[in-house]
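Comments concern the structure below.
The values are calculated or read from the model by the stated rules, or taken from the named source; none is laboratory data. On a predicted model such as this, the values are computed, not experimentally measured, just so you know. Note: ideal-geometry Cβ built from the backbone for every residue, glycine included; neighbour counts use all protein chains shown. These accessible areas exclude ligands, DNA and RNA; they are computed on the full protein's heavy atoms, side chains included. Shrake-Rupley method; radii C 1.70, N 1.55, O 1.52, S 1.80 Å.
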2 protein chains.
Amino acid sequence: MVKLSDVAALAGVSPAAVSRVLSGDTTLRVSEGTRQRVMAAAQQLDYVPNHAARSLRTSRTSTIALVVPDVTSAVFAELARGAEDEAGARGLAIVLGRAERLHDDRDWLRRLVGEGRIDGVILQLPDGTPPADLESLVVQDTPIVVINSVDDGPLSTIVLDDAAGIRLAMDHLRRLGHTDIGFIGGLLGSATGARREAAFRAAMAEAGLSPEEAWMTRLGYAGTDGRAAAVRLLESATLPTALVVANLNAALGVLAEIHDRDLRVPGDISIVAMHDVWYADATWPPITTVRMPLSELGAAAVVALADSGSGVIHTVLDSPAPQLVVRRSTAAPRAGG
Amino acid sequence: MVKLSDVAALAGVSPAAVSRVLSGDTTLRVSEGTRQRVMAAAQQLDYVPNHAARSLRTSRTSTIALVVPDVTSAVFAELARGAEDEAGARGLAIVLGRAERLHDDRDWLRRLVGEGRIDGVILQLPDGTPPADLESLVVQDTPIVVINSVDDGPLSTIVLDDAAGIRLAMDHLRRLGHTDIGFIGGLLGSATGARREAAFRAAMAEAGLSPEEAWMTRLGYAGTDGRAAAVRLLESATLPTALVVANLNAALGVLAEIHDRDLRVPGDISIVAMHDVWYADATWPPITTVRMPLSELGAAAVVALADSGSGVIHTVLDSPAPQLVVRRSTAAPRAGG
DNA sequence: TTGACGTGATAAATCGATTTACCATAGGGT
DNA sequence: ACCCTATGGTAAATCGATTTATCACGTCAA
């Protein structure tokens, strides 16, 4: 590996000069000729600064950790994509971690931070993690951004505009003429779940409707959770004509269960789900969704970390605004429904 | 941050002694008492070695890069999970990269390696990447393992046992009585696609059947590719009674298109797909799949890198063996079919 | 002639852990 | 008394980039 002193030798200057030229030190006074020679030498030798050395000296690592509950959810994947792009553009690397580690190996994050390996952490907690667990994560001096979870507390947070998303879904159903609307939500105690449910209730109230509690579940966002919710909901004496599902993954489960009972979508029940990923368009019928700015959330988290120093922030990411993607799982309620 | 010399001071020994005790240097002779004091001091101060310093001195980074084409595929996600677990167990960190970068920013990998930031690379190329592109990736001295793609060449490779997987799917269909079987494959020119198609043809031949070329497509693994393949295939004058789909994501697309034409699965057509991820169980009907050891593949790649030095290897991961997961998308062919 | 000042650099310390080469001291054998 | 060896460590160089403090040299003014 070619190093700083090699470049210095070739350019006929000191290592100090090379370092300062290449890093754009403005307090350095240098003649244009020397600058050119340094640049040329670096180019010619294909010089790349050694990361460990730089990091040791500056105690900055240009690396952030992305900790997520479930790599297998496409919702996470969108997030990761946004984070990865933004990080790439800023010359930051992203190290991946699964949130389970936080429990299996409580020292894991501490160690990562202690080793001085990362400058900051983007953390998405498993839904339903008690807020108290959050506080135990406050590690000395290392900036943490909690995303898509709580929206206050001692750590910085960025959340999606869940309320706007739900409102969009509800407007769509209302415009189609639905009044008997159920809600399949996140886990009881999950922050996003609470926000989405509150938004649902608000939208119902605004429409002069009162939600039917038998049509409301809080079992979680996974496909199996959605299926379990559908099982429970479809036991009711009467059925809703439409469902708002708080997560697309859960909606797949709901759909499967509905098929299993030989009900038709949207003939018997319309479905609209939060989050738009590729398989919303590959189910039968394709699912009407609300596209939330997930990749932008990932990017925003990186930005927040990179620009941090401004202390703790609490942001609602409301731009780009949630967007309704109408597919074939929603239609007007069955006549006489 | 507490450092080595702090521990040394507390234990009353030299930094050298502490380093050698903590890293288990066997050539060091040290009294039991001293060893205890060092251990106790390290524990008491909650000492964690600085990664940059260690890395600078040893020029090893305990970090590997995982480069994948598409974060949004659950197939990748399984892979990442396996890699992450194995890496975690070995104290390695994983930095995430998207394969697109290799094209957008051709220096990206070079820079990562040049900075001395990673010890090795696990690389899954986008399907259809010409093998020539591979060779341009050979970076000086940095071990690369190419997974789930080519199975020879100048770089180490690990691939799934595609043939065994396809064979399992075919056996299942044959036992149900199918003879008119179509194949929805990967991209023409993709290594996995070629292996799976060859295995399909071999299985057909073995059963004394000759494949109907109109029932074979090579459009890719994504959901939309599957749908496009189904569109083409369903135009045929006669239809197969069963389909082997080389990727579950594509199978979702196939299923959607079949529904769209009011055909029944498995009534009119049975479907079996490669790769078993959660949403195989959340479609309608749930899809019969072949579970390939994806997370094990990720783990194996990490092991290969960690233990490398043995030079270039070419491995077929045949254990655990592929496993048939029977769901409701397969049944005996329609009578008179 | 002296001093002051601007210009264009560089020397050397520093970040923290690792590792090679070396050194005291005590005990044993002849 | 003398050498030899084993025991239990330590001193100091090293990895490569950054940064602070300093310096040599001209030039211009008084």
TODO: State which residue is surrounded by the fewest Cβ atoms within 10 Å (Cβ to Cβ) when the search covers only segment B:28-47 and only residues that are modelled with pLDDT under 95 and within 11 Å of DNA strand C (Cβ to nearest atom).
DONE: B:Arg29
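Quick check on my filter: what residues within segment A:114-128 are more than 7 Å from chain B (Cβ to nearest Cβ) and at pLDDT 90 or above? Step through it out loud before you land on a result.
Taking segment A:114-128 as the starting set, the residues that turn out to be more than 7 Å from chain B (Cβ to nearest Cβ) are A:118-128.
Within segment A:114-128, A:Ile118, A:Asp119, A:Gly120, A:Val121, A:Ile122, A:Leu123, A:Gln124 meet the criteria.
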Task: Search result, residues across segment A:188-209 that are modelled with pLDDT of 95 or more, at negative phi and outside any helix (DSSP H, G or I) - done: A:Ala207, A:Leu209
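This table checks each residue for (1) touching a Pro at 6+ places or on another chain (Cβ under 9 Å); (2) under 25 Å from B:Arg264 (Cβ atoms).
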position	(1), (2)
A:Leu234	no, yes
A:Val254	no, yes
A:Gly267	no, yes
A:Ala282	no, yes
A:Pro285	yes, yes
A:Leu297	no, no
A:Ala306	no, no
A:Arg327	yes, yes
- [ ] Residue by residue through segment A:21-39, note down the ones that are near DNA strand D (Cβ under 10 Å from one of its atoms), β-branched (Val, Ile, Thr) and more than 40 Å from the chain's Cα centre (by Cα).
- [x] A:Thr27
- [ ] Could you please give the count of residues in segment A:103-127 that are in contact with a Pro (Cβ under 7 Å, 6 or more places away or on another chain) and surrounded by fewer than 22 Cβ atoms within 10 Å (Cβ to Cβ)?
- [x] 2
Open item on the list: Residues that are surrounded by 15 or more Cβ atoms within 10 Å (Cβ to Cβ), at least 3 per element: which strands (runs of 3 or more DSSP E) completely within segment B:251-337 meet that?
Closed with: B:270-274, B:288-291, B:314-317
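Among the residues of segment A:63-82, how many are at the interface with another protein chain (Cβ under 9 Å from one of its Cβ atoms) and of a type in the set (A, V, I, L, M)? Show your work before the answer.
Going through segment A:63-82, the residues at the interface with another protein chain (Cβ under 9 Å from one of its Cβ atoms) turn out to be A:63, A:65-66, A:70-74, A:76-78, A:80-81.
When the remaining residues are screened for being of a type in the set (A, V, I, L, M), the result is A:65-66, A:71, A:74, A:77, A:80.
Residues in segment A:63-82 being at the interface with another protein chain (Cβ under 9 Å from one of its Cβ atoms) and of a type in the set (A, V, I, L, M): 6 in total.
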Open item on the list: Go through (1) away from chain B (no Cβ under 14 Å); (2) more than 30 Å from A:Val95 (Cα to Cα); (3) not in a loop (DSSP other than H, G, I, E, B) for A:Val30 and report which single condition fails.
Closed with: (3)
TODO: Hey, could you check segment B:281-294 for residues that are in contact with a strand residue (DSSP E or B) (Cβ under 9 Å, 6 or more places away or on another chain) and either more than 10 Å from chain A (Cβ to nearest Cβ) or β-branched (Val, Ile, Thr) (or both) and say which is farthest from B:Ser73 (Cα to Cα)?
DONE: B:Thr288
Open item on the list: Looking for something near DNA strand C (Cβ under 9 Å from one of its atoms), modelled with pLDDT of 95 or more and closer than 24 Å to B:Ser55 by Cβ - is there at least one such residue anywhere in segment A:2-10?
Closed with: yes
Task: Members of segment A:49-87 that are closer than 17 Å to B:Thr63 by Cβ, open to solvent by 30 Å² or more (accessible area, probe 1.4 Å) and away from DNA strand D (no atom under 16 Å from the Cβ) - done: none
Open item on the list: Given the criterion in contact with a helix residue (DSSP H, G or I) (Cβ under 7 Å, 6 or more places away or on another chain), more than 22 Å from B:Thr61 (Cβ to Cβ) and either more than 9 Å from DNA strand D (Cβ to nearest atom) or within 14 Å of chain A (Cβ to nearest Cβ) (or both), identify the matching residue among B:Ala42, B:Ala8.
Closed with: B:Ala42
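Could you look through segment A:16-27, keep only residues that are touching a helix residue (DSSP H, G or I) at 6+ places or on another chain (Cβ under 7 Å) and more than 6 Å from DNA strand C (Cβ to nearest atom), and pick out the one that is most open to solvent (accessible area, probe 1.4 Å)? So that I can check it myself, show each step before the final result.
Step one: list which residues in segment A:16-27 are touching a helix residue (DSSP H, G or I) at 6+ places or on another chain (Cβ under 7 Å), which gives A:17-19, A:21-22.
Next, from what is left, pick out any that are more than 6 Å from DNA strand C (Cβ to nearest atom): A:18-19, A:21-22.
Numbers: A:Val18: 0, A:Ser19: 51, A:Val21: 7, A:Leu22: 72 Å².
For segment A:16-27, the residue satisfying everything is A:Leu22.
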Open item on the list: Suppose we filter B:Leu297, B:Leu263, B:Leu234, B:Leu239 for residues that are among the aliphatic types (A, V, I, L, M) and within 14 Å of chain A (Cβ to nearest Cβ); which single one remains?
Closed with: B:Leu263
Task: Single unsatisfied condition, B:Ile158 versus (1) hydrophobic (A, V, I, L, M, F, W, C); (2) closer than 30 Å to B:Arg60 by Cβ; (3) modelled with pLDDT under 95 - done: (3)
TODO: Report yes if some residue within segment A:128-150 is open to solvent by 50 Å² or more (accessible area, probe 1.4 Å) and touching a helix residue (DSSP H, G or I) at 6+ places or on another chain (Cβ under 7 Å); otherwise report no.
DONE: no
- [ ] Give just the number: which of (1) at pLDDT 90 or above; (2) open to solvent by 60 Å² or more (accessible area, probe 1.4 Å); (3) away from DNA strand C (no atom under 11 Å from the Cβ) does A:Glu100 not satisfy?
- [x] (1)
Task: Residues of segment B:195-223 satisfying the condition of being open to solvent by 40 Å² or more (accessible area, probe 1.4 Å) and hydroxyl-bearing (Ser, Thr, Tyr) - done: B:Ser210
